[in-house]
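The structure under discussion appears below in the form of structure tokens.
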Amino acid sequence: MIALQIKDVNFSYDAARIIDGVSLSLKQGEFLGIIGPNGAGKSTLLRLICGICKPADGEIMLFEKPLAGQNQKEIARQVGFVPQETHFTLNFTVEDVVMMGRYPYQQPFMREKREDIDAQENAITAANIEQLRKRPVNSLSSGERQRVVIARALAQVPRLLVLDEPTSHLDLHHQHSIMELLKRLNADGLTVVVVHHDLNLASLYCRRLLLMHSGKIEATGTPNELIKKEILSKVYGTAVRIVRHPDKDVPQIFLHTD
Amino acid sequence: MTKTALIIIVFLAAVACGILIGPTSLDAQILQLRIWRVVLGIFAGGVLAFCGCLLQGLFGNPLVEPYTLGSASGAALGASIGILVFGTINPFLAFLGSLGTGFFVYTVARIEGGLLRDRLILAGVVMSFLCSSLVMIIMVMGGRELYEILYLLMGYLGVIINDSNRIMIIALMIVSLGLVAFLYRFHRELDVISQGTETAAGLGINIQNFSLVIFFSSALLIGLTVSIVGAIGFVGLIIPHVAKLIFGPKHRYNLGASLVLGATFLLIADTISRIITVYELPVGVVTSLVGVPFFIYLYKK
């Protein structure tokens, strides 16, 4: 099944074209990494997929149904979104935050249903945050908080999980644990789309990469096809060196310096 | 559960104080006046605190209150014009002032593609200052009216209820309670929005529409309240914080708690304002005088 089909989508903000004729097809079960320089339109593309922004023209199909005809709650029952940064202005407990992922399924005043509690429990287990569940969310480290936000997205019981730079600002341990979590969720059948600023992590974990540059798709392919000196040097305008990862046969990048 | 019982007991005690305590002995006429006063206190305190809780939730900003968004100052301006022109508070003008200011703030804040929510605060604060200056001009122009406008700006629960305004005030209160019930249903949306607009949009909330609904409904509610009892300050700012300190961050609980605590607080403040001096103080003076130390105590605890 095709999870996501984007056809000739354009999007502008204040007369500046952010997304310029993007087309993309994503099969169910894929693990796609979107990479590209700052301002390439990566985050905007994610917002279009989640229905937060509406495309100026072109069509987006989600699980073979057009996105345009669906309301935001309907979309939220299919796509779980992890934004780049989450500020918690109110100090909810971890459990409460995860339960908010059930918002697209709930009515005002109604108590949580059996399926809400089940979804909450499954999300807490999947994200491995049982030991944090009673903690106020503002007492957590940023790595722990990111797991909670991912758990909240999982409580939506999404068929497609979309993440915007989930490992930025995280230390090595948490970068690793978040990416391993995504890998495990993907192995269990969840379709995953991640925007990455870290090319080495993207190369190591994503099975397919999409390179964006000034609102257009520059290239798409496996890490081996895409992480190449000539392609990256051109798009990023920086000289790079490519080596092989010692454990896994994928390319890794180093900056060039004298 | 015990917390709920406790705030209800305190509320009932405040009602009893409002009716029984006073400088004169109780007779049938005084009793009737006091009961009206208590009803107005419950209404105004509850609605203002409820609106404050709602707006703080929408904007994710603990300093937002009914006055930040210009609607209370707009209502005060409308009411002042009413006093200048007709000699008495005219609820219709207060109401018009509140909604007019609301529309103006909305027009200033609106921008193609921009996030309305974040621009409303600044536009509201600016409009609030404008309305206050205009009220000052009216106060300088007016002679005898000065005193009445002063009470309007500080808030006063001793409104004289007679045959000509009774029906109207009851109708305004019923409309307000209907609005409160309508707005209460957004408790989940407010919880979700506290995690940022990106998150809320990703979970299926249309932030633009939601901000509009909350902004105009609360402008309406504040307009209705100010038109009856004047611009009572402080309740809408502080009570939501107290509600959150007691009941935690969930709006399902702290919206309701704000209603009850706001009513309780205003009743106590009004009782104090009646007995502390020979002349009745405007209740808004007492809300700040009593409220600030109480809040500092709670905050430090």
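The values are calculated or read from the model by the stated rules, or taken from the named source; none is laboratory data. Bear in mind the structure is a predicted one, so any value in this text is a computation, not a measurement. For neighbour counting, all protein chains shown are included, and Cβ atoms are generated from backbone atoms with ideal geometry for every residue, glycine included. Side chains are part of the model used for accessible areas, which takes the heavy atoms of the whole protein and leaves out ligands, DNA and RNA. Shrake-Rupley method; radii C 1.70, N 1.55, O 1.52, S 1.80 Å.
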Practice item. Could you tell me whether any residue of the stretch A:115-130 is without any contact (Cβ under 8 Å) to a residue 40 or more places away in the chain, open to solvent by 10 Å² or more (accessible area, probe 1.4 Å) and hydroxyl-bearing (Ser, Thr, Tyr)? Key: yes
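Considering only the stretch A:173-185, I want to know if a residue exists there that is over 12 Å from the mean Cα position of the chain (by Cα), part of a loop (DSSP other than H, G, I, E, B) and either touching a residue at least 24 places away in the same chain (Cβ under 8 Å) or crowded, with 20+ Cβ neighbours inside 10 Å (or both). Let's see the steps before the verdict.
Of the residues in the stretch A:173-185, the ones over 12 Å from the mean Cα position of the chain (by Cα) are A:173-177, A:180-181, A:183-185.
Imposing the further condition that a residue be part of a loop (DSSP other than H, G, I, E, B) reduces the set to none.
No, the conditions are met nowhere in the stretch A:173-185.
If I filter the stretch B:160-177 down to residues being assigned to a loop (DSSP other than H, G, I, E, B) and of a type in the set (A, V, I, L, M), which single residue comes out as most open to solvent (accessible area, probe 1.4 Å)? I'd like the intermediate steps shown before the answer.
At the first step, the residues of the stretch B:160-177 found to be assigned to a loop (DSSP other than H, G, I, E, B) are B:160-165.
If we keep only those that are of a type in the set (A, V, I, L, M) too, we end up with B:160-161.
Values: B:Ile160: 125, B:Ile161: 27 Å².
Result: B:Ile160.
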Exercise for review: Within the stretch A:68-95, work out how many residues are in contact (Cβ under 8 Å) with a residue 40 or more places away in the chain, under 19 Å from A:Gln156 (Cβ atoms) and at the interface with chain B (Cβ under 10 Å from one of its Cβ atoms).
Suggested key: 12
Review point. Among the residues of the stretch B:60-92, which ones are among the aliphatic types (A, V, I, L, M) and within 14 Å of chain A (Cβ to nearest Cβ)?
Key: B:Leu63, B:Val64
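Here is a check on your reading of the model: is A:Ile18 touching a Leu at 6+ places or on another chain (Cβ under 6 Å) and more than 8 Å from every other protein chain (Cβ to nearest Cβ)?
On the way: touching a Leu at 6+ places or on another chain (Cβ under 6 Å): no; more than 8 Å from every other protein chain (Cβ to nearest Cβ): yes.
Here the answer is no, as A:Ile18 does not meet what is asked.
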Exercise for review: Only residues in the stretch B:57-68 that are surrounded by fewer than 22 Cβ atoms within 10 Å (Cβ to Cβ) count as the first member; pair them with residues that are part of a loop (DSSP other than H, G, I, E, B), Cβ under 7 angstrom, at least 6 apart or cross-chain, and list the lot.
Suggested key: B:Gly60/A:Thr89; B:Gly60/B:Ser194
Point to revise | Positions within the stretch B:10-32 being within 22 Å of B:Leu177 (Cα to Cα) and free of Cβ contacts under 8 Å to residues at least 12 places away in the same chain, in sequence order | key: B:Leu12
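Taking A:Gln106 as the residue in question, decide whether it is facing chain B (nearest Cβ under 9 Å) and surrounded by fewer than 18 Cβ atoms within 10 Å (Cβ to Cβ).
Details: facing chain B (nearest Cβ under 9 Å): yes; surrounded by fewer than 18 Cβ atoms within 10 Å (Cβ to Cβ): yes.
Considered against the rule, which asks whether it is facing chain B (nearest Cβ under 9 Å) and surrounded by fewer than 18 Cβ atoms within 10 Å (Cβ to Cβ), A:Gln106 comes out as yes.
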**Study point:** Matching residues, the stretch B:111-159, being open to solvent by 30 Å² or more (accessible area, probe 1.4 Å) and not in a helix (DSSP H, G or I)
**Key:** B:Ile111, B:Glu112, B:Gly113, B:Leu115, B:Gly143, B:Arg144, B:Tyr156, B:Val159
Point to revise | Only one of B:Ser71, B:Ser25 that is open to solvent by less than 10 Å² (accessible area, probe 1.4 Å) and of a type in the set (Ser, Thr, Tyr) | key: B:Ser71
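Could you say which residue among A:Thr191, A:Thr167 is in contact with an Asp or Glu (Cβ under 9 Å, 6 or more places away or on another chain), open to solvent by less than 20 Å² (accessible area, probe 1.4 Å) and closer than 30 Å to A:Ala16 by Cβ? Give the derivation first.
Numbers: A:Thr191 fails: closer than 30 Å to A:Ala16 by Cβ.
Being in contact with an Asp or Glu (Cβ under 9 Å, 6 or more places away or on another chain), open to solvent by less than 20 Å² (accessible area, probe 1.4 Å) and closer than 30 Å to A:Ala16 by Cβ holds for just one of A:Thr191, A:Thr167, which is A:Thr167.
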Check your understanding: Within the stretch A:54-67, can one find any residue that is open to solvent by less than 10 Å² (accessible area, probe 1.4 Å), closer than 30 Å to B:Tyr184 by Cα, within 14 Å of another protein chain (Cβ to nearest Cβ) and out of contact with any Ser or Thr (no Cβ under 7 Å at 6 or more places or on another chain)?
Key -> no
Practice item. Report, by residue number, each residue of the stretch B:186-244 that is within 14 Å of chain A (Cβ to nearest Cβ) and either within 14 Å of the chain's Cα centre (by Cα) or part of a loop (DSSP other than H, G, I, E, B) (or both). Key: B:Phe186, B:Ser194, B:Gln195, B:Gly196, B:Leu203, B:Gly204, B:Ile205, B:Asn206, B:Pro240
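Conditions tested, residue by residue: (1) in a strand (DSSP E or B); (2) touching a strand residue (DSSP E or B) at 6+ places or on another chain (Cβ under 6 Å); (3) surrounded by fewer than 17 Cβ atoms within 10 Å (Cβ to Cβ); (4) in contact (Cβ under 8 Å) with a residue 60 or more places away in the chain.
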| position | (1), (2), (3), (4) |
| --- | --- |
| A:Leu210 | yes, yes, no, yes |
| A:Ile217 | yes, yes, no, yes |
| A:Glu225 | no, no, yes, no |
| A:Glu230 | no, no, yes, no |
| A:Val235 | no, yes, no, yes |
| A:Thr238 | no, no, yes, no |
| A:Val243 | yes, yes, yes, no |
| A:Asp247 | no, no, yes, no |
| A:Phe254 | yes, yes, yes, no |
